[in-house]
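Chemist: I am attaching a structure below and will ask some questions about it afterwards.
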Number of protein chains: 2
Amino acid sequence: MEPLKVALLGCGVVGTEVARLLTTHADELAQRVGTRLELTGIAVRRLGRSRGLEIDPGLFTTDAVDLVKRADLVVEVIGGIEPARSLMLEAMAGGASVVTANKALLAEDGPTLYASAAEHGVDLYYEAAVAAAIPLLRPLRESLAGDRVHRVLGIVNGTTNYVLDKMDSTGQGFAEAVAQAQSLGYAEADPTADVEGFDAAAKAAILASLAFHTRVSAADVHREGITGVTAADIESARRMRAVVKLLAICERTVAADGAESVSVRVHPAMIPRTHPLASVREAYNAVFVEAEYAGELMFYGRGAGGQPTASAVLGDLVSVARNRVGGHFGPGESSYARLPLRPMGEVSTRYHISLDVTDRPGVLAQVAAVFAANGVSIDTVRQQRRSGRDDAEGLTVGEGQAALVVVTHTASDAALSATVESLADLPVVAGVESVMRVEGD
Amino acid sequence: MEPLKVALLGCGVVGTEVARLLTTHADELAQRVGTRLELTGIAVRRLGRSRGLEIDPGLFTTDAVDLVKRADLVVEVIGGIEPARSLMLEAMAGGASVVTANKALLAEDGPTLYASAAEHGVDLYYEAAVAAAIPLLRPLRESLAGDRVHRVLGIVNGTTNYVLDKMDSTGQGFAEAVAQAQSLGYAEADPTADVEGFDAAAKAAILASLAFHTRVSAADVHREGITGVTAADIESARRMRAVVKLLAICERTVAADGAESVSVRVHPAMIPRTHPLASVREAYNAVFVEAEYAGELMFYGRGAGGQPTASAVLGDLVSVARNRVGGHFGPGESSYARLPLRPMGEVSTRYHISLDVTDRPGVLAQVAAVFAANGVSIDTVRQQRRSGRDDAEGLTVGEGQAALVVVTHTASDAALSATVESLADLPVVAGVESVMRVEGD
């Protein structure tokens, strides 16, 4: 059989590793596919840049459109919306299958791409878009295809996990930890996409779409980043034997009348130190999937980096090449369930609220009354002097200002927001220091 | 499109859950497959037994051969070698795709079945054969198809993990812990297949075959069970801040001349308490996969039980049904690499050796000389009085008998065996109490 022509779009950290794997593992890949994968070209923006590895310089081109037209299989690792989208649509219209790691594009405009794949009878695979080499999308799409997923919960952004882990282990503030992550290459010069949760939100949208057979875009994801997480929050979590993590949470909820809906959110949350996600350190990723019959599954590994991402890309490339050899294509988009998205106000979690209050008798009663008036039930409350050495016993009221830490039972986001507003209006409350969700009990 | 006819062979713990899923989730499954899955019959050995659930009694039959002949898709959850093998071969010869959870059969005679699937152009899927609902085989076969797996290491038998976990947490002996596991339904009345490592060895053979693209049968697996693990071993592990686990280990080794070989083994081993596998409690399973580009991945979940196994069966059933709808079939056996199996004598690990010795000066020197003569390097040694309160400081030599605990650096199995033989012949050594491998550093 003729070799399959592979076009590589982009030659950054991931692209160079993809090119290297295609070259060094060529014989093995041929055995696994049933024919050779021939790298016919690498589209880059500018020629002449040193790629620091042994790739045939003749492969590089700036004419991506021409390259795509001549390919059987296209690997897109440029990232971003354009020109990635146009090139992928061009590739599929020309009959090529596409493998991509582009989470932002899939989360923004996936349905356009899935529709093109279906229309032209080609594959569009994207395992590398979420958690790099950790197999997550194929398990959701295939292994759990006979089950019903209730919940996907995990750490899907390595940069923020690194930052929060450093804040926890060293007591550093947010800015300091980000600077350290940048100096070590774990965070980009402009860390916005990571620290504001955009990257995690795109991944959550992709995971939710697959888990619930429902279209979910990045815009549907409730998103809060970690820029507001302070050293005091981390310390407060420590007192609760908890740790702060940026979580992506996709949930299916069944109402009393049987109506189902899904919620998808990304936000920092406190989780108990005994929870398996609490021990996910540095830039690692880990995701729990809870399904009706399978129970709780966990997937763990390196969720970013050139080599792990290239591993996922190549796994997909072998799959779509096998399909090509067999003259068919794999499962496409599955969005038949069309479950409605639950508004964030109706999503229920537990909350950890830290208040600056006047330190005098009766304050706790006033605060508790506000919670009660909004139907939010209190689990624990801890009062501590704002200045001087904190009282580890809690609940000791000193003179002047004090910090009041309240952990609630499950409450809706709307009820909690109303509570926080009322608290801020209370004369004895000098300020609402922080509000953070509590997960993983 | 016409519904696909599904024949279910076996209606035990797994079969009843498969039947229930096919019934209660019929609409969802139809959406995911593209046509309905119609359960046309359930082959059982005897009619009339209560199955304790709402399955149409008219579906039961004792004529498995007739049922198989009329099916598009056959689910085999009888277990064991015969009649499972004959029925699966009959099914494939008749053009039906097969989904099975039968690890024993696949590990004993997989190639016969894979060849039949290839000959008749049908699918043979078996995700449920290893670690139930934890997606492991599909990730190895597809997600990591573009990578090179170096090592698979994990806990793949829930029964033995439950027993070892209880011995560790309660100080119980082996027999007592097995009895408790039996009373709770975690161990069968005859626990041989689990405690002697046969079940784990079958799973290891399947994992190694997929990981290394090489045929590995159960007979190729070096197998040691946990019946010889004593409360003293567990206690000795505790002193090393380690825990004893029954591990399945599949490794690719590259010799100095570049020649590759694989080793596959199942045995109890001490692993550090800080290792993620150490925290796998009760009947859970967890498997590490180390690949060249992906790095270290971990998969965790419930590795046994009716519902998790049924989840894996249904995932496969949806895949093979989709293939049937699309008129093609998925990847078959991949054994092109044909890597040689490394003899166990050449496999290197670290060892923990516990000796009963005469408690007098000079003994340690004699023992150390035996290790040196066999080329086995000692990492640590700990000497303690056999009776009375153990000396937590170690290395204190009292009167009479003493226990000497030696942990080696990496040594070959052959060198270690020779060492142990020489030690047993040493007059100052009253007995070799235990020899256990140390993994996970």
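The values are calculated or read from the model by the stated rules, or taken from the named source; none is laboratory data. Just so it is clear, the structure is predicted and the values come from calculations on it, not from any experiment. Please note: Cβ atoms are built from the backbone with ideal geometry, for glycine as well, and neighbour counts cover all protein chains shown. Surface accessibility is based on the protein's heavy atoms, side chains included, excluding ligands, DNA and RNA. Shrake-Rupley method; radii C 1.70, N 1.55, O 1.52, S 1.80 Å.
Chemist: Listed residues A:R148, A:R141; which is surrounded by 17 or more Cβ atoms within 10 Å (Cβ to Cβ), within 14 Å of chain B (Cβ to nearest Cβ) and out of contact with any strand residue (DSSP E or B) (no Cβ under 8 Å at 6 or more places or on another chain)? First the steps, then the outcome.
Modeler: Numbers: A:R148 fails: out of contact with any strand residue (DSSP E or B) (no Cβ under 8 Å at 6 or more places or on another chain).
After ruling out the rest, the residue left standing is A:R141.
Chemist: A follow-up question, please. Does B:V262 meet the test of being over 28 Å from B:G10 (Cβ atoms) and of a type in the set (V, I, T)? Even if it seems obvious, please write down each step before you answer.
Modeler: On the way: over 28 Å from B:G10 (Cβ atoms): yes; of a type in the set (V, I, T): yes.
Here the answer is yes, as B:V262 does meet what is asked.
Chemist: Any residue at all in segment B:2-11 that's part of a helix (DSSP H, G or I) and not assigned by TED's automatic domain parsing to the domain that holds B:Y186? So that I can check it myself, show each step before the final result.
Modeler: Taking segment B:2-11 as the starting set, the residues that turn out to be part of a helix (DSSP H, G or I) are none.
Looking through segment B:2-11, none of the residues is part of a helix (DSSP H, G or I) and not assigned by TED's automatic domain parsing to the domain that holds B:Y186.
Chemist: As an exercise: evaluate A:A312 against (1) under 17 Å from A:A132 (Cα atoms); (2) assigned to a strand (DSSP E or B) and give the number of the one condition it does not meet.
Modeler: The single condition A:A312 does not satisfy is (2).
Chemist: While we're looking at this one, here's another question. Go through B:E2, B:E28 for me and flag whichever is under 30 Å from A:G330 (Cβ atoms), at pLDDT 95 or above and of a type outside the set (A, V, I, L, M, F, W, C).
Modeler: Details: B:E2 fails: at pLDDT 95 or above.
That would be B:E28, the only listed residue that is under 30 Å from A:G330 (Cβ atoms), at pLDDT 95 or above and of a type outside the set (A, V, I, L, M, F, W, C).
Chemist: Would you check which residues across segment A:289-308 are open to solvent by 10 Å² or more (accessible area, probe 1.4 Å), within 9 Å of another protein chain (Cβ to nearest Cβ), within 17 Å of the chain's Cα centre (by Cα) and in contact (Cβ under 8 Å) with a residue 60 or more places away in the chain and list them?
Modeler: A:Y300, A:R302, A:G305
Chemist: Still on this model: Can you tell me how many residues within segment B:309-327 are of a type in the set (V, I, T) and either without any contact (Cβ under 8 Å) to a residue 24 or more places away in the chain or facing chain A (nearest Cβ under 8 Å) (or both)? Before you say what the answer is, go through the steps one by one.
Modeler: The first filter runs over segment B:309-327 and keeps only residues of a type in the set (V, I, T), leaving B:309, B:313, B:318, B:320, B:325.
Of the ones still in play, those that are also either without any contact (Cβ under 8 Å) to a residue 24 or more places away in the chain or facing chain A (nearest Cβ under 8 Å) (or both) are B:313, B:318.
Summing the residues that are of a type in the set (V, I, T) and either without any contact (Cβ under 8 Å) to a residue 24 or more places away in the chain or facing chain A (nearest Cβ under 8 Å) (or both) in segment B:309-327 gives 2.
Chemist: I would also like to ask the following. For segment B:151-164, what are the residues that are part of a helix (DSSP H, G or I) and either among the small types (G, A, S) or open to solvent by less than 10 Å² (accessible area, probe 1.4 Å) (or both)? If you could, list the steps in order and put the result at the bottom.
Modeler: Within segment B:151-164, the first condition is being part of a helix (DSSP H, G or I), and the residues that meet it are B:158-164.
If the condition is that a residue be part of a helix (DSSP H, G or I) and either among the small types (G, A, S) or open to solvent by less than 10 Å² (accessible area, probe 1.4 Å) (or both), then B:G158, B:T160, B:N161, B:Y162, B:V163, B:L164 are the ones that fit.
Chemist: Related question: Just to be sure I understand, how many residues within segment A:214-253 are open to solvent by 40 Å² or more (accessible area, probe 1.4 Å) and in a loop (DSSP other than H, G, I, E, B)?
Modeler: Counting residues in segment A:214-253 that are open to solvent by 40 Å² or more (accessible area, probe 1.4 Å) and in a loop (DSSP other than H, G, I, E, B) gives 7.
Chemist: Given (1) outside the structural domain of A:G375 (by TED's automatic domain parsing); (2) open to solvent by 20 Å² or more (accessible area, probe 1.4 Å); (3) of a type in the set (S, T, Y), identify the lone condition not met by A:S348.
Modeler: Only one criterion is unmet by A:S348, namely (1).
Chemist: Could you count how many residues in segment A:180-197 are open to solvent by 70 Å² or more (accessible area, probe 1.4 Å) and either touching a helix residue (DSSP H, G or I) at 6+ places or on another chain (Cβ under 7 Å) or under 21 Å from A:R281 (Cα atoms) (or both)?
Modeler: Taking segment A:180-197 first, the residues open to solvent by 70 Å² or more (accessible area, probe 1.4 Å) are A:183-184, A:186, A:188-190.
Cutting the leftovers down to either touching a helix residue (DSSP H, G or I) at 6+ places or on another chain (Cβ under 7 Å) or under 21 Å from A:R281 (Cα atoms) (or both) gives us A:183-184, A:186, A:188-189.
Total meeting the criteria: 5.
Chemist: Does any residue in segment B:328-348 that is away from chain A (no Cβ under 14 Å) and over 23 Å from A:G327 (Cβ atoms) come within less than 9 Å, Cβ to Cβ, of a residue that is among the β-branched types (V, I, T) and open to solvent by 70 Å² or more (accessible area, probe 1.4 Å) six or more places away or on a different chain, and which pairs are these?
Modeler: Note: pairs meeting the criteria are B:S348/B:T410.
Chemist: Being in a loop (DSSP other than H, G, I, E, B) and of a type in the set (D, E) is the filter; apply it to segment A:324-362 and report the residue that is farthest from A:H267 (Cα to Cα).
Modeler: A:D359
Chemist: Just to be sure I understand, how many residues within segment A:118-131 are surrounded by 22 or more Cβ atoms within 10 Å (Cβ to Cβ) and part of a helix (DSSP H, G or I)? First the steps, then the outcome.
Modeler: Filtering segment A:118-131 down to residues surrounded by 22 or more Cβ atoms within 10 Å (Cβ to Cβ) leaves A:122-131.
Subset that is part of a helix (DSSP H, G or I): A:127-129.
Counting residues in segment A:118-131 that are surrounded by 22 or more Cβ atoms within 10 Å (Cβ to Cβ) and part of a helix (DSSP H, G or I) gives 3.
Chemist: Look through A:A30, A:A26, A:A43, A:A91 and report the one residue that is open to solvent by less than 70 Å² (accessible area, probe 1.4 Å), within 22 Å of A:H120 (Cα to Cα) and not charged (D, E, K, R). First the steps, then the outcome.
Modeler: Details: A:A30 fails: within 22 Å of A:H120 (Cα to Cα); A:A26 fails: within 22 Å of A:H120 (Cα to Cα); A:A43 fails: within 22 Å of A:H120 (Cα to Cα).
Of A:A30, A:A26, A:A43, A:A91, the one residue that is open to solvent by less than 70 Å² (accessible area, probe 1.4 Å), within 22 Å of A:H120 (Cα to Cα) and not charged (D, E, K, R) is A:A91.
Chemist: Select, from B:V318, B:V221, B:V313, the only residue that is in the same structural domain as B:D190 (by TED's automatic domain parsing) and not acidic (D, E).
Modeler: On the way: B:V318 fails: in the same structural domain as B:D190 (by TED's automatic domain parsing); B:V313 fails: in the same structural domain as B:D190 (by TED's automatic domain parsing).
The unique qualifying residue is B:V221.
Chemist: Turning to a different aspect of this structure: Does at least one position in segment B:254-274 carry a residue that is facing another protein chain (nearest Cβ under 10 Å), closer than 30 Å to B:I78 by Cβ and assigned to a strand (DSSP E or B)?
Modeler: Looking for residues that are facing another protein chain (nearest Cβ under 10 Å), closer than 30 Å to B:I78 by Cβ and assigned to a strand (DSSP E or B), one finds none in segment B:254-274, hence no.
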